[in-house]
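Right, one structure below, let's go through it.
The values are calculated or read from the model by the stated rules, or taken from the named source; none is laboratory data. Note that the structure is predicted; figures quoted are calculated from it, not measured. Every residue, glycine among them, receives a Cβ derived from its backbone with ideal geometry; neighbour counts consider all protein chains shown.
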Amino acid sequence: MREERFLASMIKPASDRTPDAQYQNLLRSILEKGVRTNSQQGVDALTLMGPGPMHFKFDNGFPIINERNMAPQESERLPVTVWKQAVAEICAFANGVRTQEGLEQFGCTWWKSWVTKEKCEKRGLAEGDLGPGSYGAAFHDFPTSEGGTYNQFQNIIEQIREFPHLRTHFISPWIPQYIIRGTGKQQKVVVAPCHGWIHLRVLDNKLTLHMF
């Protein structure tokens, strides 16, 4: 209840919020300026390198898209809503989860089609394993040159608390040696991370996040 009151004090009432069209504008720019390219999925894609950033203030509400059905209601087909699965996914990855079983324990089920026996075996992984190059491994168990692992979220939180003024609060999802492809190389992730470089700054005593 205390958390709910705190959030309510931070977010404007729905009637006071401003409609946001940044995502629609980005889609329009891709359609108008994008370059048609091949893709690994076998379907052509429109690519626009380096589009301008989008800015979201959370007092205006959470920037969830409404251009597709985000399944706000639970159903037999989707026992956990898309919104709850998204929250469950990032919580799981921040805790180092890299298997379908582990994701489901947090409430995220939508990785099933990516961790089939066929797709995992192709990368030398056990069925259900997203791989050592996946988000959970990168965030929680990033390999170090000394042979151990490094928890990025834990360490960045500690750094922010001790040195909030620093400009170097970065988190990376990219472990190159597990993602690279080609002759003589073995990719060790079912899906290369498609987002997630995080830059955090404390500005005006507020936490600002830049994701790219």
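From the list 97, 82, which residue is surrounded by 12 or more Cβ atoms within 10 Å (Cβ to Cβ) and modelled with pLDDT under 85?
82
Within the stretch 132-151, does at least one residue satisfy the condition of being surrounded by 12 or more Cβ atoms within 10 Å (Cβ to Cβ) and closer than 30 Å to residue 59 by Cβ?
yes
Among the residues of the stretch 111-135, how many are modelled with pLDDT of 95 or more, small (Gly, Ala, Ser) and at negative phi?
3
Can you name the residue in the stretch 10-61 that is in a loop (DSSP other than H, G, I, E, B) and hydroxyl-bearing (Ser, Thr, Tyr) and, of all such residues, is farthest from the chain's Cα centre (by Cα)?
Once the filter is applied, the top-ranked residue is 18.
Within the stretch 149-164, is even one residue in a strand (DSSP E or B) and β-branched (Val, Ile, Thr)?
Yes; the residues of the stretch 149-164 include at least one that is in a strand (DSSP E or B) and β-branched (Val, Ile, Thr).
Residues of the stretch 1-48 being of a type in the set (D, E, K, R) and either at pLDDT below 95 or closer than 30 Å to residue 180 by Cβ (or both), which ones?
If the condition is that a residue be of a type in the set (D, E, K, R) and either at pLDDT below 95 or closer than 30 Å to residue 180 by Cβ (or both), then 2, 3, 4, 5, 12, 16, 17, 20, 33, 36, 44 are the ones that fit.
Within the stretch 154-167, can one find any residue that is surrounded by fewer than 15 Cβ atoms within 10 Å (Cβ to Cβ) and modelled with pLDDT under 95?
The answer is no, given that none of the residues of the stretch 154-167 is surrounded by fewer than 15 Cβ atoms within 10 Å (Cβ to Cβ) and modelled with pLDDT under 95.
Conditions: (1) under 29 Å from residue 182 (Cβ atoms); (2) under 13 Å from the mean Cα position of the chain (by Cα). Residue 85 meets all but one. Number of the miss?
Just one mismatch for residue 85, condition (1).
Let me spell it out: the conditions are (1) in contact with a Cys (Cβ under 7 Å, 6 or more places away or on another chain); (2) over 28 Å from residue 83 (Cβ atoms), and residue 146 meets all of them except one. Which number is the exception?
(1)
Six or more apart or on different chains, Cβ under 6 Å: which pairs go from a residue in the stretch 131-147 that's closer than 9 Å to residue 93 by Cα to one that's among the hydrophobic types (A, V, I, L, M, F, W, C) and part of a loop (DSSP other than H, G, I, E, B)? Could you list them?
134/189; 136/97; 138/175
Residue 103: crowded, with 17+ Cβ neighbours inside 10 Å and not in a loop (DSSP other than H, G, I, E, B), yes or no?
yes
To keep it simple, each residue is scored yes or no on (1) surrounded by fewer than 13 Cβ atoms within 10 Å (Cβ to Cβ); (2) in contact with a His (Cβ under 8 Å, 6 or more places away or on another chain); (3) in contact (Cβ under 8 Å) with a residue 40 or more places away in the chain; (4) not small (Gly, Ala, Ser).
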| site | (1), (2), (3), (4) |
| --- | --- |
| 169 | no, yes, no, yes |
| 176 | yes, no, no, yes |
| 184 | yes, no, no, no |
| 190 | no, no, yes, yes |
| 193 | no, no, yes, yes |
| 200 | no, yes, yes, yes |
| 212 | yes, yes, yes, yes |
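Checking the conditions here, which among 80, 97 is touching a helix residue (DSSP H, G or I) at 6+ places or on another chain (Cβ under 8 Å), closer than 22 Å to residue 186 by Cα and among the hydrophobic types (A, V, I, L, M, F, W, C)?
97
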